[in-house]
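Structure, as structure tokens:
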Amino acid sequence: MRNAERLCLAHFWVAFAAFLFACAIGTWQMWVRSPLGANVGTPGQYFMSVTAHGVSMAYVLTTFFIMGFGYFVAVTALDRALPGKLWAWAAYWVALLGVVLTVIPIATGQASVLFTFYPPLTASVWFYIGLVLVVAASWIWCVLMLIAMTEWKRENPGRPVPLAMFATVANAVMWLWTTVGVAVELIFQVIPAALGLVQTIDVGLARTLFSWTLHAIVYFWLIPAYIAFYTMAPRAAGGRLYSDTMGRLTFILFLIYSLPVGMHHLLMDPEHGNATKFIQVLLTAFVAVPTLLTIFTITASMEIAGRLRGGRGTFGWIAALPWERPMVLATGLSFVMLGFGGFGGIVNMGYGMNAMVHNTSWVTAHFHLIFGGSVVIMYFAIAYAIWPRLTGREYQSRAPLRLQLWLWFLGMMIMTLPWHWLGLQGQWRRVANFNYADPIIAAWGPWVIVSFAGGIILLASAVLFVGNLAALHRGPALGIVRPLYALAVHPPLRVPAALNGFGLWNVLVLVLMIAAYGYPIAQFLIDPSPGAIVHRVR
Amino acid sequence: MSQTHPEMHERRILHTELMWSFGVGIFVAASLSMILFTAFTISVNPPSNVERLDPKTLHLSGEFAEHNLGTTVGSDGSVTVRAIATQFMFLPRCIVVPANRRVTLRFASPDVIHGLLITGTNVNTMVVPGFVSQVHTEFTRAGDLLMPCHEYCGLGHSEMWATVQVMAQDEFKPGSDGRISCAQR
């Protein structure tokens, strides 16, 4: 796996470098918005920083991490060489070039459009071309994942694809579907506008296409965490996976239900009617299903481990779990954050509650808690679990790893719980500063300072994380390589074709997408809404 | 706890999973029922009037021309507020509404995407160029509220906000043309 190790490490280090940078500027933004940092920085600097933070976290950290992790799973779970290694390296360099092309206009203030780049506000064309290159590179990754699984199935007829790889391919297939929306928006609407080829843009259509991508992209980021829940955490805890079939069903449900639901981000938008909004809210409710199934299956798997270790009674098995192991600790902390974040998500789904919280700090809190909290803490756990294999070295002590995970959890809770509260009070998002002289806003001040303290803890945790990984490169040589992937209580000998591939499910996704997005998109093609004049940020 | 443990029998596992799935199904059905119930009984619906309006010409004539902006009380007593969200202000900058009376708020943008909420109320909508955003509400308490732009609309976004003056019914006295502006305080 020599070459594959370098490939994985190259991806992970880009991801984590972007992550550390984004944590630093994110903390700066919290200072500027708080009463402590009034009059610090200009709006130009602030929105440049927010754009860089969003792009680094949402596009660079995630895409590079997921690609690197996918290559790792393809090699280790399938136990065979990675097909198309040259293509993988080509994709890496294309993605890196995309990042550089995106960063330059951001740094020169020509792309302060935030990571959602809603037209008709328009950035330098290089910003969009860079993002398209990152996405195009990830498509190469998707194809390589599909090829790896197909070749393995040919060599192992009738055998079930290992769950970790099955889930990785589910994510790749979902990502191919997901990126169509934003790719069409960029290529046919935004890039022509940025080039000056068109002077107006159909904003209703652009928002609809972006919403196609906007929810499923979050599941693209989230699935690696679920792969760790199902395939790594039970093993790390010393137990078995309760049910392999439930794992397969969960990832299939993610593929199906994460796509036709994006319009719940447009509930407060005027360009769509109630009926189309309701169809997608209906489907959104089903998105809770795979997560609820996962909570059950993983808790049951952990209970097996706890009882094998001598835990007794209804809750005694929890105390018996090996919490000193980073993967187990991270899974526990992730579940706590998933509980809070999932509750918030269900609130967002209701029409009435959505009107209370739309575009307030509640939403910022929600996605920081779900993605930055429960998902990213599993990115840490995955990195800690596989770094010894990638570097061939061993940790001298796991204490700094546990400290880092605890700091991340505490920082995230201290930052996002006040944000939820402030959102309910009506604190709106995406502003460079608040007028704390206003009596309504003045009352928010103390909570903003508390959340800023959470941000500082998060930054400390991020520094420690990168330090922990960097230190391992100089650690003692690895002695024994322990197995990584969990066995199921009843390992499947054969599974139905539907649970071993994605052909059938792709048809279902197509049907649901036509039902959910057919009319909402077609209405703009049949009768375009009045165009808005393109506004360049500079 | 080996595989031969009765709790770990394959059929026992399936049974437990089906029980849990049944609970999940109840939960999903209950959530959706709440949304449907509140939509049909007390009209809790998102702002979805789907009304198109050309952002390039809306200021020239029609309901969003300058002299029509602000609060108007119709001959039937209905209260309608019209405002433009533009880089980087609301026009008018102060909106007056009566307390405890149904109000229709209508917004449009001539340039980029904006959005707004009114603190302490359920008023929340995006303002998308090309469309009119409409919200119905009833303000329950007299006093001043903030109405900020809540979607990033350019570097001046943070300075974009308006005031909503909620007047007690007996103070809310429109002129003979049905028009009323904010009281100077």
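Each value in this text was obtained by applying a stated rule to the coordinates, not by laboratory testing. From a predicted model like this one, the values you see are computed outputs, not experimental measurements. Quick reminder, even Gly has a Cβ in these numbers, built from the backbone with ideal geometry, and neighbours come from all protein chains shown.
Tabulated values for the structure
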| item | result |
| --- | --- |
| From B:G154, B:G120, residue being in a loop (DSSP other than H, G, I, E, B) and without any contact (Cβ under 8 Å) to a residue 40 or more places away in the chain | B:G120 |
| Flag for B:S176 being at the interface with chain A (Cβ under 7 Å from one of its Cβ atoms), at negative phi and among the hydroxyl-bearing types (S, T, Y) | no |
| Elements of type helices (runs of 4 or more DSSP H) contained in the stretch A:199-282, each with 1 or more residues being of a type in the set (A, V, I, L, M, F, W, C) and under 25 Å from A:D527 (Cα atoms) | A:203-231 |
| Some residue of the stretch A:264-282 being in contact with a strand residue (DSSP E or B) (Cβ under 8 Å, 6 or more places away or on another chain), surrounded by 24 or more Cβ atoms within 10 Å (Cβ to Cβ) and away from every other protein chain (no Cβ under 11 Å) | no |
| Residue within the stretch A:211-222 that is among the aromatic types (F, W, Y), within 14 Å of chain B (Cβ to nearest Cβ), within 22 Å of the chain's Cα centre (by Cα) and surrounded by 23 or more Cβ atoms within 10 Å (Cβ to Cβ) present | no |
| Hits in the stretch B:22-58 (condition: at the interface with another protein chain (Cβ under 7 Å from one of its Cβ atoms) and of a type in the set (G, A, S)) | B:S31, B:A39, B:S48 |
| The stretch B:104-145: number of residues that are closer than 13 Å to A:M268 by Cα and facing chain A (nearest Cβ under 8 Å) | 14 |
| Residue list for the stretch A:23-77, filter: crowded, with 22+ Cβ neighbours inside 10 Å and in a loop (DSSP other than H, G, I, E, B) | A:S34, A:A77 |
| Criterion (surrounded by fewer than 24 Cβ atoms within 10 Å (Cβ to Cβ) and either in contact with a Pro (Cβ under 9 Å, 6 or more places away or on another chain) or within 12 Å of chain B (Cβ to nearest Cβ) (or both)) met by exactly one of A:A305, A:A285 | A:A285 |
| Members of the stretch A:154-198 that are farther than 30 Å from A:P119 by Cβ and either free of Cβ contacts under 8 Å to residues at least 24 places away in the same chain or surrounded by fewer than 16 Cβ atoms within 10 Å (Cβ to Cβ) (or both) | A:R154, A:E155, A:N156, A:P157, A:G158, A:R159 |
